[in-house]
Amino acid sequence: MRLFLAAFSISLLLGLEAQASEIGDRERGEQLFEVCAHCHEVGPGAVDGIGPHLNGIFGRRAGSVEDYEYSEGLARMGADGVVWTLETLDIYIENPRAFVSRTRMAFPGLDDPQDRADVLAYLRDFSDNPRDIPEAEPTARPERYAVAPEVLEIVGDREYGAYLSSECRTCHQESGASEGIPDITQWPTEHFVLAMHAYRDGVRPHPVMQMIASRLGDEEIAALAAYFATLGE
Amino acid sequence: MLMNRRVFLGATALVLAAPAAIGQAKPRLVVIGGGAGGGTVARYVARDGQGAVDVTLVEPNAIYHTCFFSNLYLGGVRSYDSLAHNYDRLVGDHGVRHVVDRAVGVDRDARVVTTAGGERIEYDHLVVSPGIDFVEGSVPGWTLDDAEMMPHAYKGGEQVRRLKSLVEAMPEGGVFGMVAPPNPYRCPPGPYERISMIATLLKAKNPTAKILIVDPKEKYSKQALFEEGWQRHYPGMITRIGPDFGGGSIEVRPAAGEFVVDGVVEKVDAACVIPAQRAGDIAAQAGLTNDAGWVPIDPANMRSLADTAITVLGDASQQGDMPKSGFSANSQAKVAANAILGELTGSRVFPAKYSNTCWSLIAPEDGVKVGASYEPTPEKIASVHSFISETGEDAMLRKATFEESLGWYAGITADIFS
Ligand SMILES: Cc1cc2nc3c(=O)[nH]c(=O)nc-3n(C[C@H](O)[C@H](O)[C@H](O)COP(=O)(O)OP(=O)(O)OC[C@H]3O[C@@H](n4cnc5c(N)ncnc54)[C@H](O)[C@@H]3O)c2cc1C
């Protein structure tokens, strides 16, 4: 798990890989899609399986296929207004859990940026308006978005975390109840840290959490992760 | 910086906590008011102090009815009982002593609080969180005695029920009137959420009724969101008279059921009058208030500028940019609890961080929110980052926002009372 997360952290991208001059190689993507096809159908007549069908996925609102039972996390992302684009798809399929905590998609993710680009090039063929999806976008090279490995290594000050957590407890209950607002107790610290950085860096939407995270430093996020990881044990 | 501060605070703590250090009685914290600010600070000091501090809560009511979500009760979205909370867990689980009485005096030299029943309670540190009282004469024609006919319903509890029954008893096509308060007052979007929820009630039971708001303010909180929502959900029902049309000149006649707006008489079949506000009486009795009727505090820890042995929380304080809300009072209380524990027991004191989010319900499942984070500056508690819902958001997001508010209510009430 650690190794996997470190790999994730080094290469999580906000946009397209710099070297990709177009989304990717759709032929190769079709082969790679076989791994997704265990759970997803795409193309004419595609229906929901373990995962929802992926027709028209570009521009589709997250969690919006009717009658498909999404996890709470993905349904919430949809309600928050997340739309699947090159950027959001790239982040999600790289590490589904970091972008949508507790997603039901039991798939570890694709580490290799080229693999992701190829799969997305393939999926683009089944979107309503493939032409509207830019071949090479943005023209300016995207900033690399990464949570550095040394940041994930920080050992949190639990006592400081306990103090900082008092702010969270106005909304997130210590008891782990999750009516309307998710439970954040007893998470693996890495996941917690990634989720908080994703809010702080604007990769995950949600105005309240972006505001809360925006003034937390790396040490403070680590302190909170350490505190909540064992809360209620 | 943290280090220096800790050493510094550690040193003060030694001096102030001297009785405890030499094996005498425990340091004593007394809290006046068991609402959003007082309940939270009592709970955090008692719990985090793990018995090192003796905590006494002076609060005349055995049951606290939250003002927050009382509007949802008016709209039929929440039950009245769901607004009620008691102090059983503060007392039973955290060892807080609840004196069920009203504080009537504070002797700051002797450090003693006296109650209406004549009890004298000594303190090493005192927290005052009494909420608001009203400025007499601020709405001509209205006194507290008129609350039966024209309730303010701005302190929770029975008056909220009274208001609902008045609205339900309105004749078909009748008029509901509200006098909105001038700034500053508790819960800036509160009057307008109330209008929204009364409109929900009327839309279901009395759809030809009308609502009239008389408002002395040019602008108000979340105005664009409310106006958009009222247009969508209750077209033609709500009229607001702002100061440009005489909203600043109001007189009410509770017995006759009339508002006189800029000299023009308007008949109202039910009404709610929310007068101008000031800190709860006890703050003035303790000599802590300024000319405006509020208590200036130190932005770093919420201590009264007049007396460092007293912390003032919530609506009664004048702190800068934070709105007077339950969320703010709860946030301030946690900063204060950390500082008070540091002072009384020498425990670690961390830098203050404050935040607030206020949700409002425009119609069932149509929720919006506004929020900000704050930090202390030498002059005031200053806003550092803020957000607000946007007009034109879709129904799914509004519903998610409403559901979030239910989570918040469960969270904050647990954070105060559990
Ligand atoms: C209609 C309405 C809607 C609202 N909605 C929201 C919302 O959605 N979100 C939000 O965050 N806030 C909301 N608020 C605001 C919120 O209720 C207040 O800001 C909050 O309660 C302030 O906390 P406090 O501790 O200052 O005072 P309070 O919570 O009012 O507590 C004061 C306590 O002190 C006690 N007391 C007073 N004097 C004495 C005395 N002399 N001796 C002993 N005890 C005394 C009182 O009995 C009371 O229990 C709303 C308010 C209203 C009116």
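The values are calculated or read from the model by the stated rules, or taken from the named source; none is laboratory data. Note that the structure is a prediction, hence the values are computed from the model and not measured. Positions of Cβ are backbone-derived with ideal geometry, glycine not excepted, and every protein chain shown enters the neighbour counts. Just the protein is used for accessible areas: all its heavy atoms, side chains included, with ligands, DNA and RNA removed. Shrake-Rupley method; radii C 1.70, N 1.55, O 1.52, S 1.80 Å.
Numbers for the structure displayed
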{"item": "Share of carbon and sulfur in the accessible heavy-atom surface of region A:149-230 [1.4 Å probe, %]", "result": "53"}
{"item": "Region B:147-286, relative contact order in percent, only Cα pairs under 8 angstrom and at least six apart counted", "result": "33"}
{"item": "Area buried, chain A against chain B - accessible surface, total, 1.4 angstrom probe, square angstrom", "result": "2800"}
{"item": "Between helix B:190-205 and chain B: long-axis angle, C-alpha atoms, 0 to 90°, nearest 10", "result": "40"}
{"item": "Mean ellipticity per residue at 222 nm, deg cm²/dmol - from DSSP H runs of n ≥ 4 across chain B, formula -39500 (n - 2.57)", "result": "-9500 deg cm²/dmol"}
{"item": "Sorted peptide list for B:179-188, A:199-208, criterion being average Cβ within 10 angstrom, highest first", "result": "B:179-188, A:199-208"}
{"item": "Tally of Lys pairs whose C-alpha atoms are under 24 Å apart, taken over region B:130-217, 8 or more apart or cross-chain", "result": "5"}
{"item": "Order by protection proxy (mean Cβ within 10 Å, highest first), peptides B:54-66, B:204-216, A:147-159", "result": "B:54-66, B:204-216, A:147-159"}
{"item": "Heavy-atom surface of the protein assembly as shown, accessible at 1.4 Å and reported per residue (Å²)", "result": "41"}
{"item": "Other protein chain Cβ atoms within 10 Å, averaged over every residue that makes up A:153-164", "result": "2"}
{"item": "Amide hydrogen neighbours beyond the local backbone of B:V104, cut-off 5 Å, H modeled", "result": "B:T114, B:T115, B:A116"}
{"item": "Residues B:K219 and B:A255, FRET efficiency given R0 of 45 Å [Cβ-Cβ distance, rounded to 0.05]", "result": "0.85"}
{"item": "Considering only chain B, percent of DSSP beta bridges that pair antiparallel, nearest 5", "result": "55"}
{"item": "Taking region A:149-230 and dividing mean pair separation by its residue count, relative contact order in percent (alpha carbons under 8 Å, at least six apart)", "result": "50"}
{"item": "Carbon and sulfur %, accessible surface of region B:302-417 computed with the full protein complex present, 1.4 Å", "result": "52"}
{"item": "Cα gyration tensor shape for region B:171-279, rounded if a/c is under 1.5, else prolate or oblate", "result": "oblate"}
{"item": "Relative contact order, percent, region B:122-223 [alpha-carbon distance under 8 Å, six or more residues apart]", "result": "27"}
{"item": "Around A:D48: net Lys/Arg minus Asp/Glu count, Cβ-Cβ under 12 Å", "result": "-4"}
{"item": "Using θ = phi - 60° and Karplus 6.51 cos²θ - 1.76 cosθ + 1.60, couplings along region B:256-263 (whole Hz; Gly, Pro as x)", "result": "7, x, 10, 10, 10, 9, 6, x"}
{"item": "³J(HN,Hα) computed for each position of region B:375-384 - Karplus, 6.51 cos²θ - 1.76 cosθ + 1.60, integer Hz, glycine/proline x", "result": "9, x, 10, x, 8, 6, 7, 10, 6, 10"}
{"item": "Other protein chain Cβ atoms within 10 Å, averaged over every residue that makes up A:181-190", "result": "1"}
{"item": "Cα gyration tensor category, rounded, prolate or oblate, for the protein assembly as shown with a/c compared to 1.5", "result": "oblate"}
{"item": "Peptide B:339-350 - average C-beta neighbours from other chains (10 Å radius)", "result": "1"}
{"item": "Share antiparallel - DSSP beta bridges, the protein assembly as shown, percent rounded to 5", "result": "55"}
{"item": "Estimated vicinal HN-Hα couplings, Hz - region B:340-355 in sequence order (Karplus 6.51, -1.76, 1.60; Gly, Pro = x)", "result": "5, 4, x, 5, 7, 10, x, 6, 5, 10, 10, x, 5, 9, 10, 8"}
{"item": "Calculated log₁₀ intensity ratio I(q)/I(0) where the Debye formula runs over C-alpha points of region A:163-220, q = 0.15, 0.16 Å⁻¹", "result": "-0.43, -0.49"}
{"item": "On Cα atoms only, tilt of B:158-168 relative to the major axis of chain B in degrees", "result": "10"}
{"item": "Region B:54-193 shape via C-alpha gyration tensor axes, a/c threshold 1.5", "result": "prolate"}
